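Asks: There's a structure below that I have some questions on.
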Amino acid sequence: MSTVQQTVIVATQPQPQMFTNRNILGSVHGHRDWSTGLCGCFSDCGSCLMTFLCLPCMECRNASRLGEFCCLPYCCVGSNVAMRARLRTLGGIHGSICNDICVLACCQMCAVCQMSRELDNMGL
């Protein structure tokens, strides 16, 4: 029996695959606007009424729907800003943390209600 040996010549070395943020993440700035306006509370009177009568209940409900501990808004200072930023990121919504802070500082009830409507529209 004879064995034949072959010599393989490698002309180019395999290159490592590079991942960029464009391969993994969407745009940092988002690709759409909020599905309802900040003052669109009357398009969903139920969440508007619940927010007006019991803001803590609505904030805790939003936290739960985002997969967070339900009492997060009352256990951690600034968590509403973090939740709003998370919702924007999940939904690919235009905006910035600075804008989130201003909206929550000026009209917290409207912002919480808008977040609830967005969660409804996203199916969460």
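Asks: I'm trying to understand the selection: among the residues of segment 57-84, which are assigned to a helix (DSSP H, G or I) and either touching a Cys at 6+ places or on another chain (Cβ under 6 Å) or surrounded by fewer than 14 Cβ atoms within 10 Å (Cβ to Cβ) (or both)?
Replies: Cys57, Cys60, Ala63, Ser64, Tyr74, Cys75 - these are the residues of segment 57-84 that are assigned to a helix (DSSP H, G or I) and either touching a Cys at 6+ places or on another chain (Cβ under 6 Å) or surrounded by fewer than 14 Cβ atoms within 10 Å (Cβ to Cβ) (or both).
Asks: On the basis of being without any contact (Cβ under 8 Å) to a residue 12 or more places away in the chain, more than 15 Å from Asn121 (Cα to Cα) and in contact with a helix residue (DSSP H, G or I) (Cβ under 7 Å, 6 or more places away or on another chain), does Cys57 make the cut?
Replies: For Cys57, the condition - without any contact (Cβ under 8 Å) to a residue 12 or more places away in the chain, more than 15 Å from Asn121 (Cα to Cα) and in contact with a helix residue (DSSP H, G or I) (Cβ under 7 Å, 6 or more places away or on another chain) - is met.
Yes/no matrix, rows are residues, columns are (1) modelled with pLDDT of 90 or more; (2) surrounded by 13 or more Cβ atoms within 10 Å (Cβ to Cβ); (3) in a helix (DSSP H, G or I):
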position	(1), (2), (3)
Asn23	no, no, yes
Leu38	no, yes, no
Met50	yes, yes, yes
Arg86	yes, yes, yes
Thr89	yes, yes, yes
Asn99	yes, yes, yes
Glu118	yes, yes, yes
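Asks: Going through Cys113, Cys107 one at a time, which residue ends up being under 19 Å from Ser35 (Cα atoms), surrounded by fewer than 17 Cβ atoms within 10 Å (Cβ to Cβ) and in contact (Cβ under 8 Å) with a residue 60 or more places away in the chain?
Replies: Going through Cys113, Cys107 in turn, just one is under 19 Å from Ser35 (Cα atoms), surrounded by fewer than 17 Cβ atoms within 10 Å (Cβ to Cβ) and in contact (Cβ under 8 Å) with a residue 60 or more places away in the chain: Cys107.
The values are calculated or read from the model by the stated rules, or taken from the named source; none is laboratory data. Worth saying up front: this structure is predicted, and the values here are computed from it rather than measured. Cβ: placed from backbone, ideal geometry, glycine included. Neighbour counts: every protein chain shown.
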